[in-house]
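K.L.:
Below are the structure tokens for one structure; questions will follow.
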Number of protein chains: 2
Amino acid sequence: MGVDCHHTESAQPGLEGAALASAVAAAESKCERTRERLTPPRRRVLERLLEADGPMKAYDLIAAYGQDGEPAKPPTVYRALEFLERLGFAHRIESLNAYVPCRMEGTSHRAAFLICECCGTAEEFEPDFAPQFAAAEAAGYAVRTVTLEARGLCPACKGGA
Amino acid sequence: MGVDCHHTESAQPGLEGAALASAVAAAESKCERTRERLTPPRRRVLERLLEADGPMKAYDLIAAYGQDGEPAKPPTVYRALEFLERLGFAHRIESLNAYVPCRMEGTSHRAAFLICECCGTAEEFEPDFAPQFAAAEAAGYAVRTVTLEARGLCPACKGGA
DNA sequence: AACCAATGCGTTATGAAATAACATAACCCG
DNA sequence: CGGGTTATGTTATTTCATAACGCATTGGTT
């Protein structure tokens, strides 16, 4: 990444085993409640996102799709991502052209990220958008969604070198 | 765009004539002060951005590059855009893959936009990022830049429909 | 069960956005 | 005017994303 200190990419460990299964099960039950379908391709893509240590590019997901190493076709993954975003299970990080699983509990929240330019991690956080909303409404806008991406150095990369 | 009311794209009129010349001259003098060079390709791309009624895609700029209708080669435009962004004369809107000229006075690294999903305009505004900065610093981050993109309906599109 | 509308998937192909790499030219400064 | 630095021209390629079509599955309705 831009700054390049010597840390190996880390800091946002992917899920595995029971934690992974539990996260997927949570998604599944949420889908059932809303009569949405977590179909096999959608589930696979969600798993890949949850397993990852950081943001994944669409073509990383395409390459990692099959358990046997078989890649997916691009529309398969893009369609799954569209679904996962719609349900709030994943977010697209515009400034990276990459995707992360949602780390926040709440159902309705706006996506906001702290992106480390050194190690590449993207930490989701829940900001207070009230001032921005107020400004937008003062200007006569009806805001539907807000995306915020802050770039800088994470604690680990800031401290070391 | 997404919502599609029937307004013709408008709302952010491009500059022409004296106003255009004046904006370019301002950029030029700012460059001189900082010993940067507003070279012909950079100037051309800046002019195209200033003339436009809304955000321009990179390949729109490539197509519109020559006065004689001759397109530019992609790197020419991308390099110019990189320069214009660095100097604060233009901003990239990540969620649109598009570019706008800077409408604000100050040279801050904070770009914030209200993007109308109906007419496609993108209005730059100067938000108060203090709460987000505070949240980021509380999490131990050293923030370098912040991008905020709010999507919704502008006053014109909100009212009519 | 038979139907059918809606939704999702597989597949091929293509479109759109951005950059790598290398050669040449212009600029600045001593 | 020499030499480093910065900018441009050019070709090619890589990366990111979607269009379009037909088939399969689902879930509701009679």
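The values are calculated or read from the model by the stated rules, or taken from the named source; none is laboratory data. From a predicted model like this one, the values you see are computed outputs, not experimental measurements. Heads up, the Cβs are rebuilt from the backbone with ideal geometry, glycines too, and the neighbour counts pull from every protein chain shown. SASA here: full protein model, heavy atoms, side chains in, ligands and nucleic acids out. Shrake-Rupley method; radii C 1.70, N 1.55, O 1.52, S 1.80 Å.
K.L.:
Note the count of lysine pairs whose C-alpha atoms are less than 30 angstrom apart in the protein assembly as shown, limited to pairs 8 or more residues apart or on different chains.
P.N.:
The number of close lysine pairs in the protein assembly as shown is 11.
K.L.:
Relative to the present Cα-Cα distance, how much length would full extension add between A:GLU32 and A:ALA130 at 0.36 nm per residue of separation? Walk me through the intermediate numbers first.
P.N.:
Numbers: separation 98, 0.36 × 98 = 35.28 nm, distance 3.25 nm.
Contour length minus Cα-Cα distance gives 32.0 nm.
K.L.:
Right, here's the next one. Antiparallel as a % of all DSSP beta bridges within the range A:17-159, to the nearest 5? Show your work: numbers first, answer last.
P.N.:
Values: 9 of 15 bridges.
So the antiparallel bridges amount to about 60 percent of the total.
K.L.:
Whole number please: convex hull volume per residue, Cα atoms of the range B:12-59, in Å³. Mind showing how you got there, number by number?
P.N.:
On the way: hull volume 3.8 nm³, N = 48.
That works out to 79 Å³ per residue.
K.L.:
Let me ask something else about it. Stick to Cα atoms and the Kirkwood definition of Rh, then tell me Rg/Rh for the range A:78-139.
P.N.:
Over the Cα atoms of the range A:78-139, Rg/Rh equals 1.02.
K.L.:
Please give the per residue accessible area of the protein assembly as shown, computed with a probe of 1.4 Å over protein heavy atoms only, in Å². Display every interim value, and only then the final one.
P.N.:
Working: 16380 Å² over 322 residues.
Spelled out: the 1.4 Å probe surface of the protein assembly as shown, per residue, equals 51 Å².
K.L.:
Using a 7 Å offset from the Cα along the Cα-to-Cβ direction at both A:ALA156 and B:ALA58, what is the distance between the two label points in nm, to one decimal?
P.N.:
About 3.0 nm separates the two model spin labels.
K.L.:
Net charge near A:PHE89, counting Lys/Arg +1 and Asp/Glu -1 over other residues with Cβ under 15 Å of its Cβ? Can you show the working numbers first?
P.N.:
On the way: positive: A:LYS30, A:ARG33, A:ARG37, A:ARG42, A:ARG43, A:ARG44, A:ARG48, A:ARG79, A:ARG86, A:ARG92, A:ARG103; negative: A:GLU28, A:GLU32, A:GLU36, A:GLU47, A:GLU51, A:GLU82, A:GLU85, A:GLU105, A:GLU124.
After counting each charged neighbour, the total is +2.
K.L.:
Scan chain B and report its longest stretch carrying no GluC sites (Glu not before Pro) that are both in a DSSP loop and have at most 11 other Cβ atoms within 10 Å. Please report the intermediate quantities before stating the final value.
P.N.:
Working: sites that count: B:GLU16, B:GLU105.
Segment B:17-104 is the longest.
K.L.:
Continuing with the same structure: Using only protein heavy atoms and a 1.4 Å probe, how much accessible area in total is buried between B and A, to the nearest 100 Å²?
P.N.:
On the way: alone 9550 and 9530 Å², together 16380 Å².
Buried area between the two chains comes out at roughly 2700 Å².
K.L.:
Quick one: pull the percent of accessible area on the protein assembly as shown belonging to carbon and sulfur, 1.4 Å probe, ligands and nucleic acids left out. Mind showing how you got there, number by number?
P.N.:
Numbers: 8370 of 16380 Å².
C and S fraction of accessible area: 51 percent.
K.L.:
For the range A:20-161, what is the convex hull (Cα atoms) projected area averaged across all directions, in square nanometres? Show your work: numbers first, answer last.
P.N.:
Working: hull surface 42.1 nm².
About 10.5 nm², averaged over all directions.
K.L.:
Another question, if that's okay. Looking at chain B, do any whole DSSP H helices span at least 18 angstrom along their long axis by alpha carbon and average -0.5 or above on Kyte-Doolittle, and which? All intermediate terms of the calculation are to be shown ahead of the outcome.
P.N.:
Values: long enough: B:17-33 (24 Å, 0.34); B:74-87 (20 Å, -0.07).
Sorted by number, the helices that extend far enough and score high enough are B:17-33, B:74-87.
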